[in-house]
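Engineer: Structure provided below as structure tokens; questions to follow.
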Amino acid sequence: MRIEAPESFRNAAELLPRFASQDPRLGSFGEEAVDVDLRSCSFVRPSAVLWCAVYLLLAKRRGSACRLLVPENRGVCVYLKSLGLFQTLQQNGIEVDDRGIAERLDPQIILPLTRFQTETQVEELANRALDTLGELGLGSANLHPLVSEAFAELAQNAVQHAESPIGAYGFIQFYEFETGRRFVCGVADGGIGIRRSLERNPALKDRVPYDWVAVELAVRERVSGTGDPRRGIGLYGVSEDMRRAGRQLIIHSGIGSLQLSEEMESEARRVTLFPGTLAYVSIPT
């Protein structure tokens, strides 16, 4: 099976279902080989990097021979290596033929693609990121705690609810878009997804028939798969912080995706599969 990415690859929702609709979390996933083809990509956003990592790691765990076909664009290739995608895959037995492309020391990558699976690891990563932000002096200093805390909340949510067989992965980056400079951070896992997590709460089981409904419900106050009224504040808290000028939160779980910002609260929509959950935050500086 070959999954072909578009030239400008922003997130998994842009993939054609005929390429990426098979779920590598399922025992029925029986592909002997899986290629993720980035050769034509001239631009790859960090949220798309997280999909590449999660999908291939899950497929590898199912026994597929996995390969990442790297971009022919040298600059994109250098970026992906500097962010840590190539190393993450290679360490897990996934073929990545980058022909010795150099890793660039990029001060804008505050936290490269990093695996975590415990709350203690999340706390350590968030503190490391806060220290790095201070040392590098990127962007507005008053936003540094917000960036670190947003990452920590999203990462703790993955640790507490995902039950991911591959752990969870996250990054933090200072990014210069055409529209201005931003802090961006993302967390993704290959776990059970938001819908199945919420279904474990008897009070919510009949309220989440689809992934897109579950994603909408998950950003409401005190909604949690545990049924504990003291839980569920994490994702809600991040969503409230992102309802300010220029900020954005994107959640993609299963085949449901939701985008939140001050200017727009879009209705969750049906999209191409993300096998697990992705949460992506963008904060202007």
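The values are calculated or read from the model by the stated rules, or taken from the named source; none is laboratory data. Just so you know, these numbers come straight off a predicted model, no measurement behind them. Every residue, glycine among them, receives a Cβ derived from its backbone with ideal geometry; neighbour counts consider all protein chains shown. SASA here: full protein model, heavy atoms, side chains in, ligands and nucleic acids out. Shrake-Rupley method; radii C 1.70, N 1.55, O 1.52, S 1.80 Å.
Engineer: Within region 84-100, is even one residue of a type in the set (D, E, K, R), farther than 29 Å from VAL271 by Cα and open to solvent by 60 Å² or more (accessible area, probe 1.4 Å)?
Structural biologist: The answer is yes; a qualifying residue exists.
Engineer: A follow-up question, please. Taking region 68-94 on its own, how many of its residues are within 19 Å of TYR169 (Cα to Cα) and not aliphatic (A, V, I, L, M)?
Structural biologist: The number of residues fulfilling the criteria is 11.
Engineer: For THR277, state whether it is in contact with a Pro (Cβ under 6 Å, 6 or more places away or on another chain), at pLDDT 85 or above and open to solvent by less than 30 Å² (accessible area, probe 1.4 Å).
Structural biologist: no
Engineer: Now, a different point. Which pairs turn up if I take residues in region 104-128 that are free of Cβ contacts under 8 Å to residues at least 40 places away in the same chain and closer than 14 Å to ASN157 by Cα and look for partners that are open to solvent by 30 Å² or more (accessible area, probe 1.4 Å) and of a type in the set (Val, Ile, Thr) with beta carbon separation below 7 Å, at least 6 apart in sequence or on another chain?
Structural biologist: Final answer for the pair search is VAL122/VAL159.
Engineer: Out of curiosity, is LEU68 open to solvent by less than 10 Å² (accessible area, probe 1.4 Å), in a strand (DSSP E or B) and more than 19 Å from LEU38 (Cα to Cα)?
Structural biologist: no
Engineer: Please indicate, with yes or no, whether at least one residue in region 104-126 is charged (D, E, K, R), within 18 Å of TYR175 (Cβ to Cβ) and out of contact with any Cys (no Cβ under 9 Å at 6 or more places or on another chain).
Structural biologist: yes
Engineer: From the residues in region 209-222 that are assigned to a loop (DSSP other than H, G, I, E, B) and touching a Lys or Arg at 6+ places or on another chain (Cβ under 9 Å), which one is surrounded by the most Cβ atoms within 10 Å (Cβ to Cβ)?
Structural biologist: Residue satisfying both the conditions and the ranking: TYR210.
Engineer: Residues in region 87-103: is at least one assigned to a helix (DSSP H, G or I), in contact (Cβ under 8 Å) with a residue 24 or more places away in the chain and either touching a strand residue (DSSP E or B) at 6+ places or on another chain (Cβ under 7 Å) or of a type in the set (Ser, Thr, Tyr) (or both)?
Structural biologist: Among the residues of region 87-103, at least one is assigned to a helix (DSSP H, G or I), in contact (Cβ under 8 Å) with a residue 24 or more places away in the chain and either touching a strand residue (DSSP E or B) at 6+ places or on another chain (Cβ under 7 Å) or of a type in the set (Ser, Thr, Tyr) (or both), which makes the answer yes.
Engineer: Examine region 189-208 for a residue that is open to solvent by less than 70 Å² (accessible area, probe 1.4 Å), in contact with a Lys or Arg (Cβ under 6 Å, 6 or more places away or on another chain), farther than 22 Å from VAL122 by Cα and not in a loop (DSSP other than H, G, I, E, B), and state whether such a residue exists.
Structural biologist: Looking for residues that are open to solvent by less than 70 Å² (accessible area, probe 1.4 Å), in contact with a Lys or Arg (Cβ under 6 Å, 6 or more places away or on another chain), farther than 22 Å from VAL122 by Cα and not in a loop (DSSP other than H, G, I, E, B), one finds at least one in region 189-208, hence yes.
Engineer: Name the single residue, out of those in region 125-159 being open to solvent by 50 Å² or more (accessible area, probe 1.4 Å) and among the hydrophobic types (A, V, I, L, M, F, W, C), that is nearest to SER197 (Cα to Cα).
Structural biologist: Looking at residues that are open to solvent by 50 Å² or more (accessible area, probe 1.4 Å) and among the hydrophobic types (A, V, I, L, M, F, W, C), I get LEU130.
Engineer: Sort through ARG128, ARG182 and tell me the only one that's of a type outside the set (Gly, Ala, Ser) and part of a helix (DSSP H, G or I).
Structural biologist: ARG128
Engineer: Give the number of residues within region 145-175 that are part of a helix (DSSP H, G or I) and in contact with a Leu (Cβ under 6 Å, 6 or more places away or on another chain). Steps first, answer last, please.
Structural biologist: Within region 145-175, the first condition is being part of a helix (DSSP H, G or I), and the residues that meet it are 145-161.
Now restrict to residues that are in contact with a Leu (Cβ under 6 Å, 6 or more places away or on another chain): 148, 157.
Number of matching residues: 2.
Engineer: Does region 55-73 contain at least one residue that is farther than 25 Å from PHE9 by Cβ and not hydroxyl-bearing (Ser, Thr, Tyr)?
Structural biologist: yes
Engineer: If you don't mind, another one. Can you tell me how many residues within region 260-274 are open to solvent by 10 Å² or more (accessible area, probe 1.4 Å), assigned to a strand (DSSP E or B) and either in contact with a Lys or Arg (Cβ under 9 Å, 6 or more places away or on another chain) or among the small types (Gly, Ala, Ser) (or both)?
Structural biologist: The qualifying residues number 2.
Engineer: Looking at CYS52, CYS41, which is the one that is open to solvent by less than 20 Å² (accessible area, probe 1.4 Å), on the phi < 0 side of the Ramachandran plot and assigned to a loop (DSSP other than H, G, I, E, B)?
Structural biologist: Details: CYS52 fails: assigned to a loop (DSSP other than H, G, I, E, B).
So the residue among CYS52, CYS41 that is open to solvent by less than 20 Å² (accessible area, probe 1.4 Å), on the phi < 0 side of the Ramachandran plot and assigned to a loop (DSSP other than H, G, I, E, B) is CYS41.
Engineer: So, in region 1-36, exactly how many residues are farther than 25 Å from ILE192 by Cβ, of a type in the set (Gly, Ala, Ser) and open to solvent by 20 Å² or more (accessible area, probe 1.4 Å)?
Structural biologist: 2
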